[in-house]
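Only one structure is covered here, and it is reproduced in the block below.
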Amino acid sequence: MTFRRSVVLIVIGALALTACGSSGAAPSDVTFDVELIEVKGATDGIPAPEPDPTSLSAGYGFTPPGEYDAENPDKWQVATYMFSPAAMTVVEGDEVTFRLFGINGDSHAMAVVGPDGSTVVESFDMSRGQEKLVTFTADQLGHYKFICSTHAPTMTADILSVSG
């Protein structure tokens with residue numbers, strides 16, 4: 001094995017250890033600004049989807065041809081609700097605060113579920129134009145789920161808690 005290849009393997013190994021949570025970071029207070037948004041797209045260049053996307057999830061929207069644009073009977077629109085950002089990383093023990101702002105959607109029923117499936121933040125409602133602060137302590141390693149049950153499964157965020 002050449003010296004250069006050995007150095008590359010050592011660097012890759014160090015990066016892998018860091019990615020696996022050996023960062024040495026101490027728990028702290030972290031705040032994420034999270035928006036509740038609806039993304040939409042319209043077209044008249046391709047056939048409308050089958051089946052109707054709203055039959056797949058309450059998180060999807062669909063305005064079929066003929067209803068979306070009366071002047072263009074081939075035009076249709078799809079939409080989905082989501083959190084932005086939808087992926088975050090914290091250190092085990094962090095006090096996590098979401099500063100939420102509702103951009104789209106009349107009503108959202110949301111909760112945070114821990115890696116063990118327990119409810120970490122009880123269900124609460126939020127709507128367009130509201131700002132709320134939601135705080136919990138990431139005292140478990142693994143994936144937390146921030147879920148809008150009104151628009152699941154598309155409106156879900158992942159919070160990865162890693163070892164400090």
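The values are calculated or read from the model by the stated rules, or taken from the named source; none is laboratory data. None of the values given here were measured: they were computed from a predicted structure. Cβ atoms come from the backbone with ideal geometry, glycine included; neighbour counts cover every protein chain shown.
Please go through region 127-140 and pick out each residue that is in a loop (DSSP other than H, G, I, E, B) and either surrounded by 14 or more Cβ atoms within 10 Å (Cβ to Cβ) or of a type in the set (Asp, Glu) (or both).
Result: 128, 138, 139, 140.
Where in region 16-121 are the strands (runs of 3 or more DSSP E), entirely inside, with at least 3 residues that are modelled with pLDDT under 95 and either among the aromatic types (Phe, Trp, Tyr) or over 29 Å from residue 132 (Cβ atoms) (or both)?
Filter on region 16-121 gives an empty set.
Just checking, does region 33-45 include any residue being among the acidic types (Asp, Glu), closer than 18 Å to residue 156 by Cα, surrounded by 13 or more Cβ atoms within 10 Å (Cβ to Cβ) and touching a residue at least 24 places away in the same chain (Cβ under 8 Å)?
yes
Contact list please: Cβ distance under 9 Å, first residue in region 138-163 and within 19 Å of residue 30 (Cα to Cα) and assigned by TED's automatic domain parsing to the domain that holds residue 85, second residue acidic (Asp, Glu) and part of a strand (DSSP E or B), pairs at least six apart or on different chains.
Close Cβ pairs (under 9 Å, with a partner that is acidic (Asp, Glu) and part of a strand (DSSP E or B)) amount to 138/95; 143/158; 144/158; 145/158; 146/158.
What single numbered condition from (1) crowded, with 18+ Cβ neighbours inside 10 Å; (2) out of contact with any strand residue (DSSP E or B) (no Cβ under 7 Å at 6 or more places or on another chain) fails to hold for residue 117?
(1) is the only condition that residue 117 fails.
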